[in-house]
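Engineer: If you scroll down you'll find the structure; I have some questions about it.
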Amino acid sequence: MAWVESLQRAIDYMEDHLSEDITIEEIAKQAHSSPFHFQRTFTLLTDITIGDYLRRRRLSLAAKELTGTDTKIIDLACKYGYDTPEAFSKAFRKQHGVTPTEARKGIGKLQFYNRLVIQVSLKGAEPVKYHIVEREAFQVVGVKRAFSCENGQNLEGIPKMWQEVHQNGVNDLLFRVNSGQIKGVLGVCVDQSAVRPEEMDYWIATECDQEVPEGLERLDIPASKWAVFEVRGPMPDAMQSAWKRIFSEWFPSSGYEYTGTAELEVYTDEDPSSPDLYSEIWIPVK
């Protein structure tokens, strides 16, 4: 359960510094995690990005001060990180549905988001199906794109990338050149925050033990111990649900730790809307 405690420490750090300009690097450091992995875990468990959480909490506290004190609106805007009263008013209205001036007059109902407390639910009624695989290094080939993890930009960009590879024929090419142990097309997340803060590389690729086909790039996956999880159901809901269960149920009770190298999602060429669709998630562990 140590990683749950680390995650809560990071949340407490955010809460203690809501009126300061803090970075994702500083937040992730409290959890002894990379910015990429921390943001990924946080969003999986809470369904919101770190940026959204900070914005909601700051505007919640701003509303409390606005209605309970005589603090000037311009001072509240500055305190909670807005360069101008206009920017503050726009964000305030987006969350609360009223302007700061209207809120001070008692007009409308304010939306207050409470401080987040991580609670792990050990359900266990429905098993998480997995097995452990140890593999030497292997090669995948495909296409890659860099994404920022800030404010969930990667969550918006990756689905669009998948649409493109289906439209331009790359997805079909990857199935044709698939010649490794893992059968199917892969979604590969590679943390790059050590060299490019708040960035990740996302690959749509396949395992291939031949020469790199023209138009594709090569990625070497390091030797690892892998927890391989079975995913059943239509995309994308089944995959998203599986990720959430892995981090909220399996990791806290399994005794394994995430090692921080590439993560794999394995997709077959079956009907993606099928309720019996089989997919996999490969996570490097120790």
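The values are calculated or read from the model by the stated rules, or taken from the named source; none is laboratory data. All values reported here derive from a predicted model rather than from experimental measurement. We place every Cβ from the backbone using ideal geometry, glycine too, and count neighbours over all the protein chains shown. Heavy atoms of the whole protein, side chains included, go into the accessibility calculation; ligands, DNA and RNA do not. Shrake-Rupley method; radii C 1.70, N 1.55, O 1.52, S 1.80 Å.
Engineer: Scan (1) free of Cβ contacts under 8 Å to residues at least 24 places away in the same chain; (2) of a type outside the set (Lys, Arg); (3) open to solvent by less than 50 Å² (accessible area, probe 1.4 Å); (4) touching an Asp or Glu at 6+ places or on another chain (Cβ under 9 Å) for the single condition Ile27 breaks and write down its number.
Structural biologist: Tallying (1) free of Cβ contacts under 8 Å to residues at least 24 places away in the same chain; (2) of a type outside the set (Lys, Arg); (3) open to solvent by less than 50 Å² (accessible area, probe 1.4 Å); (4) touching an Asp or Glu at 6+ places or on another chain (Cβ under 9 Å), Ile27 fails exactly one: (4).
Engineer: Also: Can you report the number of residues in the range 128-152 which are open to solvent by less than 40 Å² (accessible area, probe 1.4 Å) and either in contact with a His (Cβ under 7 Å, 6 or more places away or on another chain) or without any contact (Cβ under 8 Å) to a residue 60 or more places away in the chain (or both)?
Structural biologist: The number of residues fulfilling the criteria is 2.
Engineer: Let me ask something additional. If you take the residues in the range 62-100 that are touching a Lys or Arg at 6+ places or on another chain (Cβ under 9 Å) and aliphatic (A, V, I, L, M), which one is most open to solvent (accessible area, probe 1.4 Å)?
Structural biologist: Applying the filter and picking the extreme gives Ile73.
Engineer: I want to confirm something. Restricting to the range 215-265 and keeping residues that are acidic (Asp, Glu) and under 21 Å from Asp201 (Cβ atoms), which single residue is farthest from the chain's Cα centre (by Cα)?
Structural biologist: Initially, the range 215-265 is screened for residues acidic (Asp, Glu), giving 217, 220, 230, 237, 249, 257, 263, 265.
This time we only want the ones that are under 21 Å from Asp201 (Cβ atoms), so: 217, 220, 263, 265.
Working: Glu217: 25, Asp220: 23, Glu263: 12, Glu265: 14 Å.
The extreme case among them is Glu217.
Engineer: Quick one: Asp209 ticks every box in (1) open to solvent by 60 Å² or more (accessible area, probe 1.4 Å); (2) within 18 Å of Glu263 (Cβ to Cβ); (3) touching a residue at least 60 places away in the same chain (Cβ under 8 Å) bar one, so which box is it?
Structural biologist: Only one criterion is unmet by Asp209, namely (2).
Engineer: Looking for whichever is out of contact with any helix residue (DSSP H, G or I) (no Cβ under 9 Å at 6 or more places or on another chain) and within 16 Å of Leu264 (Cβ to Cβ) here; the options are Gln167, Gln153, Gln181. Which one fits?
Structural biologist: Gln181
Engineer: Suppose the filter is of a type outside the set (Val, Ile, Thr), closer than 20 Å to Leu7 by Cβ, at pLDDT 90 or above and surrounded by 15 or more Cβ atoms within 10 Å (Cβ to Cβ); does Cys189 pass it? So that I can check it myself, show each step before the final result.
Structural biologist: Details: of a type outside the set (Val, Ile, Thr): yes; closer than 20 Å to Leu7 by Cβ: yes; at pLDDT 90 or above: yes; surrounded by 15 or more Cβ atoms within 10 Å (Cβ to Cβ): yes.
So Cys189 fits the description; yes.
Engineer: Determine, yes or no, whether Thr46 is surrounded by fewer than 19 Cβ atoms within 10 Å (Cβ to Cβ) and modelled with pLDDT of 95 or more. Steps first, please.
Structural biologist: Values: surrounded by fewer than 19 Cβ atoms within 10 Å (Cβ to Cβ): yes; modelled with pLDDT of 95 or more: no.
In short, no.
Engineer: Another question, then. Within the range 260-286, take every residue that is open to solvent by 50 Å² or more (accessible area, probe 1.4 Å) and closer than 17 Å to His131 by Cα and give me the one that is modelled with the highest pLDDT.
Structural biologist: Tyr278
Engineer: Additional query: Kindly establish whether Glu20 is farther than 29 Å from Val190 by Cα and either open to solvent by 50 Å² or more (accessible area, probe 1.4 Å) or among the hydroxyl-bearing types (Ser, Thr, Tyr) (or both).
Structural biologist: Numbers: farther than 29 Å from Val190 by Cα: yes; either open to solvent by 50 Å² or more (accessible area, probe 1.4 Å) or among the hydroxyl-bearing types (Ser, Thr, Tyr) (or both): yes.
When the stated conditions are applied, Glu20 passes them.
Engineer: What pairs come out if I take residues in the range 229-247 that are within 15 Å of Thr41 (Cα to Cα) and pair them with residues that are hydroxyl-bearing (Ser, Thr, Tyr) and open to solvent by 60 Å² or more (accessible area, probe 1.4 Å) whose C-beta lies under 9 Å away, six or more apart or interchain?
Structural biologist: The qualifying pairs are Ile246/Tyr130.
Engineer: Are any of the residues in the range 223-242 outside any strand (DSSP E or B) and among the β-branched types (Val, Ile, Thr)? Spell out how you get there, then give the answer.
Structural biologist: From the range 223-242, those outside any strand (DSSP E or B) are 223, 233-242; that's our starting set.
Now restrict to residues that are among the β-branched types (Val, Ile, Thr): none.
No, there is no match, as no residue in the range 223-242 is outside any strand (DSSP E or B) and among the β-branched types (Val, Ile, Thr).
Engineer: Give me the pairs: first residue in the range 40-59 and in contact (Cβ under 8 Å) with a residue 24 or more places away in the chain, second residue among the charged types (D, E, K, R), beta-carbon distance under 6 Å, and six or more apart or on different chains, which are they?
Structural biologist: Filtered contacts from the range 40-59: Leu44/Lys244.
Engineer: With respect to Leu173, is the statement that it is hydrophobic (A, V, I, L, M, F, W, C), open to solvent by 20 Å² or more (accessible area, probe 1.4 Å) and more than 23 Å from Arg135 (Cα to Cα) true?
Structural biologist: On the way: hydrophobic (A, V, I, L, M, F, W, C): yes; open to solvent by 20 Å² or more (accessible area, probe 1.4 Å): yes; more than 23 Å from Arg135 (Cα to Cα): yes.
So Leu173 fits the description; yes.
Engineer: If a residue has to be in a helix (DSSP H, G or I) and among the polar types (S, T, N, Q) to count, how many in the range 166-185 make the cut? So that I can check it myself, show each step before the final result.
Structural biologist: As a first pass, look at the range 166-185 and keep what is in a helix (DSSP H, G or I): 166-167, 170-177.
Restricting the remaining residues to those that are among the polar types (S, T, N, Q) gives 167, 171.
Selection size over the range 166-185: 2.
Engineer: Quick one: which residue in Ile158, Ile118 is open to solvent by less than 90 Å² (accessible area, probe 1.4 Å) and in a loop (DSSP other than H, G, I, E, B)? Quick ask: steps written out before the conclusion?
Structural biologist: Numbers: Ile158 fails: in a loop (DSSP other than H, G, I, E, B).
Unique residue meeting the criteria: Ile118.
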